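Reading through the C-alpha cells given below for one structure.
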Amino acid sequence: MDVQGNIYIGDVFARYDYYGQLRTPVSYYNGQYLKNIAEARLTGYIPWGGLPYYLSYLNGNYSDSGDKLQEIHARLSPSFWRYYNVSLENVWYKDSYDKYDDAVLLLQAQYERLGLHSQVRYRVWPDSYLASLNQQVDYRWSKYTYFQANWDHDCRSNYSFNKDLDTFSISAGRLFPIGGLTLTLSVDSDRNASVLLGYNISFGKVPGDLRAFTNAQNKMSQRAAVHARVTDEAGNGIEGVHVNVSGQQEPLITDKKGEFLVADMEPYAKTVVTVNQDSIEDVSLTPVDEQKKIVLRPGTVMPLELKFVHRGGFEGWINAEDAAAYRLTLYDGKGEKVMVKTAESDGSFIFDDLIFGTYKLVVSNESGQTVLTEEVKVDKAFEILKKPIVVADNVNN
C-alpha cells in the first residue's frame, strides 16, 4: 500500500508492505529478508537556491531474526553542469546488533553514450574509517545493446581482520520489444567467480490511461521513469514535439498520441524537462510552461502533462485625426480585461500573445467615453484587420 501527494516544500510518498514469511527479491534488504516495512519520503527543492533534496525514514522488522530496523536517509543533489551530477548523502542505520552513520559521495557524468558513476562511502560513527569505493561504467553500443563494467572495493581491513575485497564484473545486455537479455561475469579477490544469465521484463501502467507499457531496462525498481503527454487546450495530443530531458543526449519526440516515455533515469536527482518550440510546425502553439523541474522516485513512473495553447494576435488602425488620443481595451469572453493599448500617431495598434477565442474591443476617447465596441475573433497566429476602425467621434465631425 502506498500514498503519494504534494505539499508546499515537496512531494510526499509513504508506503507499508507486509511480506510475512515470503522470501522474494523484493523483500530482501541489507542481507536479510523483511517481514514488514514502513517508509516515508519527502523529495523536492530547497526554496532558497532550488537545490534538490531527498529525505526518507524506514521502520520495519526482519523475518528470521525478528529484529527491528530503522534507517534515515538525507541527500542533497546539486547539478552544476548539464550532464554532471553530484550527490551528498548521509545514512543512519540501527537494529538490535548494529548502529552506524555513513556519509556517501556520488559522482555521475554522461558523455554521449558513455556514463560514469563513482561512489565513496565513509563510516563516521561509531568509528571513523573508509568503508567502500565503487566505480561503474556504462556504454550504450546502440539503441538496443549496452555494456557495463563495475568495480567494488570493500575496505574490510578497516573494520575486520580480513583483507580488503575487490569485486569485478562485466555485463552485456540486449533489449527486445518485450524484455531484455543480460549476461554478467563476476570475480573477486577471494577467488570466487560467477556467471549470471537473465531475462528481464518490466511492466508499468500508463498514467491516466487503461494501458500498460513494457520496458526491458534492468533494475527498473531501482531506477525512475517519466511518462509525458503533450496536449493542446482541447486535450488533443501533439505529435512531433521535441522535448529535451536532462541526462538524455538526444531530444525525445512525441508519438501520434503526443506521448513519450523515458525509463532508466537516475532517481532523486534534479530532472529538467524543456520543450523545443522550434520543432512545432504550428507557430500559434505555445507551451504553458517552457520548462519543468521534477525529482523522480525509484520504481515509479511519474506522469507529466505538458500543456500547449494556441495564441495569436492582430493589427489594426484607427481612422481619426488624433488617433493617439484613443485608448483600446480588450476583454475576453468572460468580460475580464485582458490588455489595454494606446494607438500610435498613425492610428495603428497591435494586440498579441492572445489565447484563441472571441474578444470584445472597446475604444474610448480622452474623456473616457466609449465611442466604439467591436467583436474580434482571434484564430490565427497573426492577422491584419481588413477594415479600419472608424470611431463615432470622427463620424460626427
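Throughout, read-outs are computed from the coordinates displayed, never taken from laboratory work. As the structure is a computational prediction, the values presented were derived from the model and not from experiment. Glycine also receives a Cβ, built like all others from the backbone with ideal geometry; neighbour counts cover every protein chain displayed.
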- Structure-derived mean projected area of the Cα convex hull in nm²: which label, when the choices are [x] 26.1; [y] 24.1; [z] 21.6: [x]
- Query: Based on Cβ point charges of +1 for Lys and Arg and -1 for Asp and Glu, what charge dipole magnitude is obtained for the chain about its Cα centre, in debye rounded to the nearest 20?
  - Reply: 1300 debye
- Query: For region 269-397, with only Lys/Arg (+1) and Asp/Glu (-1) charged at the beta-carbon, what is the dipole magnitude about the Cα centre, in debye rounded to 20?
  - Reply: 740 debye
- Report the local net charge at Asn158: Lys and Arg +1, Asp and Glu -1, summed over other residues whose C-beta lies under 9 Å from its C-beta. 0
- Cross-link pairs beyond the 31 Å C-alpha cut-off, checked among Lys94/Lys292; Lys35/Lys257; Lys99/Lys293; Lys256/Lys386; Lys334/Lys386; Lys257/Lys387: Lys94/Lys292; Lys35/Lys257; Lys99/Lys293; Lys256/Lys386; Lys257/Lys387
- Query: Among Asn319, Gln108, Leu51, whose Cα sits farthest toward the positive end of the charge dipole of the chain (+1 at Cβ of Lys/Arg, -1 at Cβ of Asp/Glu, about the Cα centre)?
  - Reply: Gln108
- Item | Mean residue ellipticity (222 nm) of the chain, computed from DSSP H runs ≥ 4 via -39,500 (n - 2.57), nearest 500 | 0 deg cm²/dmol
- Item | Charge-dipole axis of the chain as Lys and Arg at +1 and Asp and Glu at -1 on Cβ define it, positive-most pick from Ser348, Gln148, Ile253 | Gln148
- Note on the structure: Kirkwood-based Rg/Rh on the Cα set of region 1-75 evaluates to 1.08
